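Report on one structure; see the data block that follows.
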Amino acid sequence: MAAMFEPDYCGPVDDLQEHRQQLQSDSVNWKDCIHRWKRSREKWRREALSLQQQTFEAARSASHWRERSGLTQAELRKAREQLTDWHRETQRCREAARQWKCEAVRWREMARAWKRQCCDLLEQKDDQQIAQLSQARQRHCAELRQPYASTW
C-alpha cells in the first residue's frame, strides 16, 4: 500500500526501497549541483570584479603615463628651443670673436706703423712731431675702444 502513495513510483513493492534511495540520492545530487553552481557563480563574479578592477587600474595607469608623456614632450620641446637659442648665441659670439680678432690684427698693424714713424722721427730728433703722433695715437685708440667700452 505504501507504493501507492509514492508520486513517481509505478513498479513492484520490493523495488520501493531502491526507488526511495534513488530519489534520496537524486535529491543529494541536486543539492550538490546547486551548491557547486552557486560556488562557481561566486567564483566567476569575483573573477569578473578582479578583471574589472585590473582594467580600471590599467586605464588609470595609461592616463597617468599619457599625461607624463605630454609633460615630458613639452619639456623636451622647451629644451630643444633653449638649445637652438644657445646655438644662435654661440654663433653670434663666434662672429663677435672673429671681428675682435680682425680688429686686433688691424690695431697691431697700426701700432707697428706708428712705431716705425716714431723710430724715424727719433732718428730725426723731432720732439714736436713725436708728441703730436703720440697724442693722435692715444685719441685714435680711445675712439677704437669706445664701441667696446660697454662690453668690458
Discussion item. Can you find, among 119, 138, 97, the residue sitting farthest towards the positive end of the charge dipole of the range 40-151, where Lys and Arg contribute +1 and Asp and Glu -1 at Cβ?
Written reply: 97
Worksheet entry | Label-point separation, residue 120 to residue 63 (7 Å along Cα→Cβ), nm | 8.8 nm
Worksheet entry | Centroid-to-centroid separation of the range 55-72 and the range 80-120 [C-alpha atoms, Å] | 54 Å
Response to the item:
Compactness summary of the range 40-151: radius of gyration and Dmax from Cα atoms, Å, are 37.1, 122
Response to the item:
Expected sort for 112-124, 83-95 on mean C-beta neighbours within 10 Å, highest first, is 112-124, 83-95
Discussion item. Distances longer than 19 Å among the Cα atoms of the range 66-119: what percent of all pairs is that?
Written reply: 60 percent
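A short reminder: the numbers here are calculations on the coordinates, not readings from a lab. Just so it is clear, the model here is predicted, and its values are computed rather than measured. As a convention, Cβ positions derive from the backbone with ideal geometry for all residues, glycine included, and neighbour counts pool all protein chains shown.
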